[in-house]
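One structure below.
The values are calculated or read from the model by the stated rules, or taken from the named source; none is laboratory data. As the structure is a computational prediction, the values presented were derived from the model and not from experiment. Every residue, glycine as well, gets a Cβ built from its backbone with ideal geometry; the counts of neighbours run over all protein chains shown.
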């Protein structure tokens, strides 16, 4: 048996941290593999996230998360230019509902100013109401911060992964880490060996960006002392008819455990309210609760009184990976080559591009040779969002490719061409397709488009529709009848006729 | 069969454009044509017009329209046949994505690309969509296997795949009841049907033929309170509800199943109605309409489940024919009737369609009661019409014909529609 | 097991009264059927003659309209809807549907054509409730009824 192939860097985890790092490393002449446990990248912590690129105000400057927050904000602006994911620089309105909260919001503003965040403005109640007429009319004051933006975290992460892949990073999905071999006493500097169901992966450096499971993965590597506790956040997405209710992200004066319940104009023009912040025990517990909904709407109505629970069309919960320090846990460990990027809670998504640069510096410090490649392409073809184009552009698109004129998802106006494009860029599940294109994310929540999406995925992946899943694993969507003909002659576009053109009973 | 052809070239303008090719759209086309409108365009999203009828393979359609009991696909065929006989431009696989206030419609289809057409009048016949898990806010996890009953119906009846192996159904609406039978017959075990209300939401015939015939339990005053399963649904928790419809968790039970079908109501699809900023009825969710089904925007008509959810396709056809005829009349320059009477829901009435009446013509008033009355019931329209019926339930839409004779002298009035137990009329 | 069936205590004069919900139309009339030794003597509660017929029939020989689907080859959908040409005895509904489940037909299909004869020994045929044009003819100028009769072989299926 020959020597195993040793990769320069194994990135464990395909969330915002892992993918932005993969993309940052892709400009160097390196052999990088990203291993994602789920069926697609962004399916962990990054998926169920508020999607806010924070203004830079919120985390204290003496913490790592605070230091990386505003540089990360700038990083996302640049990634948006290069990759073309949905991005709306909506700004933030930080609201003091009561007089007592005025000092709090002003101290947060000052914290931002100290960190170099430009453009912040203290607002009188009237200024705030002029900008956001649906705010609580009794508010005491507000702070305006222009630097905040919103993205679709999954769409952005998926495109960042796509960009990394285009520049040579290998991405492997459904690769949960099962074990990491202990240090070889005779060769303490030998490559690390990471075991997944697809076999061992050898890497000189291993980045632990496994989100909620970073403590377990660190323990596998023989790195003790890290504890990750899940802190649940429930979010509620409202019907399009309340579009325009707020124009900026509306924040309350924060509380100790979280930034509080926000009212968020999503990048797609819908309104989202949330999140809650409650410690839970189960790292898989993404259930929403009646109490959570009650809490979210009670808090959100303090800010925007006309919010109505009846407008909810979808709800979800995400888990923040909280390390015992409350800050990011990033850096080399006692295991040579094993580097943690753990405890990435809010503003983790925002910080990710800056954190990626920080990790590149750490890798260089640890001895990784960084030689820039000559053919690195910072850009990638921007995905076409048909619904967002002008009628003339739509006409041209449809004239060139009639599949732009066939709607798959009518609630969100997603065309067949966009769905096929997403599949060619790596969508392999119904959720992955939804997160990339919005097909199935609207009012009807997939009642009309699920079948079209299933058949297009089955065709693109060359599998029967029964093999297509919602999000990988055992999340199958339809099953065969027990009298399904073999071979599958009825699933494709061109059903197979037998030689005589007559029918046969199976 | 009836095949439709794409118009080789879309005309720049039409007298009447009908958006939707289900029972409402097809009947509207016939109505418009019967009034003499010549240039009629019908736009349908599917490759074959017929709408949801094509997946409703069961019988129970057509008694009023065709005088016999036929299945959904047969009803669709007959309706489409009339349209083809009437020489209507039918554009399939197409969507109207926008409409301006001067009735320039933006549409798209693979055969036409992105196109605009001007139309003198338009009939919106978009049908309804099903309420989803989000709309009824069931807490719990989000595994695969939770879907609307209509999606499951399409999977089974059109695409030949099953939604799962053991299903629970939430909501006793007609689609849910019919799917309970359908799944049972196709070998899927149906664990039961839960209904939040103390009475079934679907019509009695379906309770008998779809549940009782197959010993499928119907749990009234019961709902799903939790959903379990990380990847695929593994089970649901059901619980009875108290008089305030709050779940009694101490009496909850776990039901193992891999599929949860939701049959928890339909909502008019008001996408285009909203783009056209039509006035909507907050109860139905559809546009406010006149006796000829004209909306708050002149020249824009609406009919069928896009206005209010009907229980019979026959009622949809009848209403849409009125809408189509009026759209045709208006396009040809004829005057619309004076809408001089308002109707409004009164005692135990949820909504009334249309919202105004004309003293000059005969029209049908449709409404639903809020609560069932098990016994002789008086239906009243103001003090001009009074009828005794045996019983009323919310599942069954009530229709009353009102003509000029009854409405004589009512011009300017607002008439309340009431449904009152016989003998309690004074209260 | 009778549907919606209740008996009102010991029958006086040998008359047994059973109630049914008429399924003749969606109105759902509540019928009372008086019978002596399974012979129907009176039906009450109907609003049309359909109810009278239904009450008698349901008490003596209950039958159901049956609709299901068979495999379709060469159409834009995979299943062709079919119905029983006549009401099927209630006890045979399941076997009727299971016998059709695996049947496979090919386009073109004429609406109303017989897809399977004497299904599950009931003596009742299954007929197509949707017409399907020949493959590739979906948008032709042909507006006539397709006359192509499918060749079909039945299967006991399931």
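Given the criteria surrounded by fewer than 19 Cβ atoms within 10 Å (Cβ to Cβ), within 22 Å of residue B:255 (Cα to Cα) and within 11 Å of another protein chain (Cβ to nearest Cβ), does residue B:212 qualify?
For residue B:212, the condition - surrounded by fewer than 19 Cβ atoms within 10 Å (Cβ to Cβ), within 22 Å of residue B:255 (Cα to Cα) and within 11 Å of another protein chain (Cβ to nearest Cβ) - is met.
What about residue C:136, is it more than 7 Å from every other protein chain (Cβ to nearest Cβ), part of a loop (DSSP other than H, G, I, E, B) and either touching a residue at least 24 places away in the same chain (Cβ under 8 Å) or under 14 Å from the mean Cα position of the chain (by Cα) (or both)?
So residue C:136 fails the test.
Going through segment C:123-133 one residue at a time, which ones are more than 13 Å from chain B (Cβ to nearest Cβ) and either surrounded by fewer than 19 Cβ atoms within 10 Å (Cβ to Cβ) or at pLDDT below 95 (or both)?
Matches in segment C:123-133: C:123, C:125.
Would a scan of segment B:103-111 turn up a residue that is under 30 Å from residue A:398 (Cβ atoms), surrounded by fewer than 21 Cβ atoms within 10 Å (Cβ to Cβ) and within 7 Å of another protein chain (Cβ to nearest Cβ)?
There is at least one residue in segment B:103-111 that is under 30 Å from residue A:398 (Cβ atoms), surrounded by fewer than 21 Cβ atoms within 10 Å (Cβ to Cβ) and within 7 Å of another protein chain (Cβ to nearest Cβ).
Can you pull out the strands (runs of 3 or more DSSP E) entirely within segment A:1-119 that have at least 1 residues that are within 27 Å of residue A:369 (Cα to Cα)?
Result: A:6-12, A:32-35.
Output the residues belonging to segment C:50-93 that are surrounded by 23 or more Cβ atoms within 10 Å (Cβ to Cβ) and more than 20 Å from residue B:57 (Cβ to Cβ).
Passing the criteria: C:51, C:54, C:55, C:58.
Check B:18, B:52 and return the single one that is outside any loop (DSSP other than H, G, I, E, B) and away from chain C (no Cβ under 14 Å).
Unique residue meeting the criteria: B:18.
Do any strands (runs of 3 or more DSSP E) lying entirely in segment B:105-177 carry at least 1 residues that are within 20 Å of the chain's Cα centre (by Cα) and under 30 Å from residue B:288 (Cβ atoms), and which ones are they?
B:113-124, B:128-130, B:146-148
Which number in (1) in a helix (DSSP H, G or I); (2) farther than 21 Å from residue A:56 by Cβ marks the one condition that residue A:361 misses?
Condition not satisfied by residue A:361: (2).
Identify, please: which residue in segment C:18-74 is modelled with pLDDT of 95 or more, in a strand (DSSP E or B) and facing chain B (nearest Cβ under 9 Å) and is, among those, nearest to residue B:207 (Cα to Cα)?
C:67
Does residue C:114 satisfy the condition of being modelled with pLDDT of 95 or more, crowded, with 21+ Cβ neighbours inside 10 Å and either closer than 28 Å to residue C:31 by Cβ or not assigned by TED's automatic domain parsing to the domain that holds residue C:35 (or both)?
In short, no.
Within segment C:83-122, which residues are under 11 Å from the mean Cα position of the chain (by Cα), under 20 Å from residue A:481 (Cα atoms) and more than 8 Å from chain B (Cβ to nearest Cβ)?
C:96
Could you go through segment A:220-227 and let me know if any residue there is assigned to a helix (DSSP H, G or I), within 30 Å of residue A:335 (Cα to Cα) and not assigned by TED's automatic domain parsing to the domain that holds residue A:438.
So far as segment A:220-227 goes, yes, one or more of its residues are assigned to a helix (DSSP H, G or I), within 30 Å of residue A:335 (Cα to Cα) and not assigned by TED's automatic domain parsing to the domain that holds residue A:438.
Among residues belonging to segment B:290-300 that are in contact with a strand residue (DSSP E or B) (Cβ under 6 Å, 6 or more places away or on another chain) and over 16 Å from residue B:271 (Cβ atoms), point out the one that is surrounded by the fewest Cβ atoms within 10 Å (Cβ to Cβ).
B:299
Go through (1) within 14 Å of chain C (Cβ to nearest Cβ); (2) at pLDDT 95 or above and name the single condition residue B:26 misses.
All conditions are met except number (1).
Failed condition for residue A:299, given (1) assigned to a loop (DSSP other than H, G, I, E, B); (2) away from chain B (no Cβ under 14 Å); (3) in contact with a strand residue (DSSP E or B) (Cβ under 8 Å, 6 or more places away or on another chain); (4) surrounded by fewer than 24 Cβ atoms within 10 Å (Cβ to Cβ), with all others met?
Result: residue A:299 fails condition (1) only.
Does residue A:239 meet the test of being within 13 Å of chain B (Cβ to nearest Cβ) and either within 22 Å of the chain's Cα centre (by Cα) or surrounded by fewer than 18 Cβ atoms within 10 Å (Cβ to Cβ) (or both)?
Criteria met by residue A:239.
Which of the residues spanning segment C:70-95 are in contact with a helix residue (DSSP H, G or I) (Cβ under 7 Å, 6 or more places away or on another chain), under 16 Å from residue C:129 (Cα atoms) and in contact (Cβ under 8 Å) with a residue 24 or more places away in the chain?
Within segment C:70-95, C:70, C:81, C:82, C:84 qualify.
Six or more apart or on different chains, Cβ under 8 Å: which pairs go from a residue in segment A:286-300 that's assigned by TED's automatic domain parsing to the domain that holds residue A:136 to one that's assigned to a helix (DSSP H, G or I)? Could you list them?
Qualifying pairs under 8 Å: A:293/A:309; A:297/A:309.
Do we find a residue being surrounded by fewer than 22 Cβ atoms within 10 Å (Cβ to Cβ) and more than 9 Å from chain A (Cβ to nearest Cβ) anywhere in segment B:132-142?
Yes, some residue in segment B:132-142 is surrounded by fewer than 22 Cβ atoms within 10 Å (Cβ to Cβ) and more than 9 Å from chain A (Cβ to nearest Cβ).
Could you list, in sequence order, the residues of segment A:303-337 that are out of contact with any strand residue (DSSP E or B) (no Cβ under 7 Å at 6 or more places or on another chain) and assigned to a helix (DSSP H, G or I)?
A:309, A:310
Before we move on, is residue B:384 buried (at least 21 other Cβ atoms within 10 Å of the Cβ) and either more than 18 Å from residue B:37 (Cβ to Cβ) or out of contact with any helix residue (DSSP H, G or I) (no Cβ under 8 Å at 6 or more places or on another chain) (or both)?
For residue B:384, the condition - buried (at least 21 other Cβ atoms within 10 Å of the Cβ) and either more than 18 Å from residue B:37 (Cβ to Cβ) or out of contact with any helix residue (DSSP H, G or I) (no Cβ under 8 Å at 6 or more places or on another chain) (or both) - is not met.
With the requirement that a residue be more than 7 Å from chain B (Cβ to nearest Cβ) and surrounded by 18 or more Cβ atoms within 10 Å (Cβ to Cβ), what does segment A:445-465 give you?
A:446, A:448, A:449, A:452, A:453, A:454, A:456, A:457, A:458 - these are the residues of segment A:445-465 that are more than 7 Å from chain B (Cβ to nearest Cβ) and surrounded by 18 or more Cβ atoms within 10 Å (Cβ to Cβ).
Condition first: in a loop (DSSP other than H, G, I, E, B), within 14 Å of chain B (Cβ to nearest Cβ) and within 19 Å of the chain's Cα centre (by Cα). Now tell me which residues in segment A:258-291 satisfy that.
A:269, A:270, A:276, A:283, A:284, A:285, A:286, A:287
Do we find a residue being part of a helix (DSSP H, G or I), in contact with a helix residue (DSSP H, G or I) (Cβ under 6 Å, 6 or more places away or on another chain) and surrounded by fewer than 19 Cβ atoms within 10 Å (Cβ to Cβ) anywhere in segment A:427-442?
So far as segment A:427-442 goes, no, none of its residues is part of a helix (DSSP H, G or I), in contact with a helix residue (DSSP H, G or I) (Cβ under 6 Å, 6 or more places away or on another chain) and surrounded by fewer than 19 Cβ atoms within 10 Å (Cβ to Cβ).
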